[in-house]
1. Could you identify the single residue in Ala152, Ala158, Ala134 that is over 30 Å from Asp63 (Cα atoms), over 23 Å from the mean Cα position of the chain (by Cα) and not hydroxyl-bearing (Ser, Thr, Tyr)?
2. Only one of Thr201, Thr139 is surrounded by 14 or more Cβ atoms within 10 Å (Cβ to Cβ), modelled with pLDDT under 95 and assigned to a loop (DSSP other than H, G, I, E, B); which?
3. Would you check which residues across the range 97-134 are touching a residue at least 40 places away in the same chain (Cβ under 8 Å) and of a type in the set (A, V, I, L, M, F, W, C) and list them?
4. Out of (1) assigned by TED's automatic domain parsing to the domain that holds Lys190; (2) without any contact (Cβ under 8 Å) to a residue 12 or more places away in the chain; (3) not basic (Lys, Arg), what's the single condition that is false for Ser149?
5. Given the conditions (1) surrounded by 15 or more Cβ atoms within 10 Å (Cβ to Cβ); (2) more than 18 Å from Leu100 (Cα to Cα), report the number of the one that Asp117 does not fulfil.
6. Looking at Val169 and the list (1) modelled with pLDDT under 95; (2) touching a Phe, Trp or Tyr at 6+ places or on another chain (Cβ under 8 Å), which single condition is not satisfied?
Amino acid sequence: EKPETFVSDLINCGVYIFTPKILIAIEDVLKQKKDRANLRRVSSFEALQSATKAIPADYVRLDQDILSPLAGKKELYTYQTLDFWEQIKTPGMSLRCSGLYLSQFRHTSPHLLASGDGKKGATIVGDVYIHPSAKVHLTAKIGPNVSISANARIGAGARLISCIILDDVEIMENAVVIHSIVGWKSTVGKWSRVQRVKVTTMPNLVSPFLVKPLMLKMK
């Protein structure tokens with residue numbers, strides 16, 4: 001878990017699956033410490049700090065006190081996956097992960113991806129997912145890396161690039177949405193341009209990544 005020096009090119013995704021026996025291991029540690037436990041994980045920085053200060057008796061470190069002994073007894077195993085992994089801490093990372101999932105669909109579930117050349121359906125570029133209940137105008141151009149959720153409505157001449165359109169969103173005629181997340185029940189007005197923002201219908205939320213431009217309600 002975040003070693004100070006190179007150990008491996010594998011990472012710990014932070015997902016643990018235990019049987020009830022983990023409670024016995026915790027109890028054993030508690031008996032050694034002779035007090036109740038405040039179970040939590042400790043970062044490498046905190047572990048380094050603990051070397052210079054005493055650890056409370058009621059403090060159980062998941063990594064050092066529980067997992068390491070289990071590994072030593074060959075009671076802890078890892079599952080190595082070759083799939084992608086990303087942290088999702090910002091809207092931008094959500095867009096990146098959406099693109100990764102869409103590219104994975106191309107190999108594992110190609111039937112989920114949309115297609116179209118502008119004759120019988122909208123023009124589709126690259127990997128695009130469109131929910132069956134969404135309505136996309138014939139003259140719209142969608143993609144790459146676009147996900148359109150349930151009951152969304154995409155108007156004539158709209159252009160969507162690298163974005164996530166959530167449920168019940170309306171993208172009106174000739175609007176452009178690029179590198180953005182449009183939240184539930186939002187409306188992007190005619191000829192509007194939304195780029196690199198997250199759009200919501202909840203005006204009380206204030207964040208540099210959570211924006212509601214006034215032009216979104218223009219009709």
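1. Exactly one residue qualifies, and that residue is Ala158.
2. Details: Thr139 fails: modelled with pLDDT under 95.
Answer to the selection: Thr201.
3. Of everything in the range 97-134, just one residue is touching a residue at least 40 places away in the same chain (Cβ under 8 Å) and of a type in the set (A, V, I, L, M, F, W, C), namely Leu102.
4. With (1) assigned by TED's automatic domain parsing to the domain that holds Lys190; (2) without any contact (Cβ under 8 Å) to a residue 12 or more places away in the chain; (3) not basic (Lys, Arg) applied to Ser149, the lone miss is (2).
5. Going through the list (1) surrounded by 15 or more Cβ atoms within 10 Å (Cβ to Cβ); (2) more than 18 Å from Leu100 (Cα to Cα), Asp117 breaks only (1).
6. (1)
The values are calculated or read from the model by the stated rules, or taken from the named source; none is laboratory data. Note that the structure is a prediction, hence the values are computed from the model and not measured. When we count neighbours, we look across all protein chains shown, and the Cβ atoms used for this are built from the backbone with ideal geometry, even at glycine.
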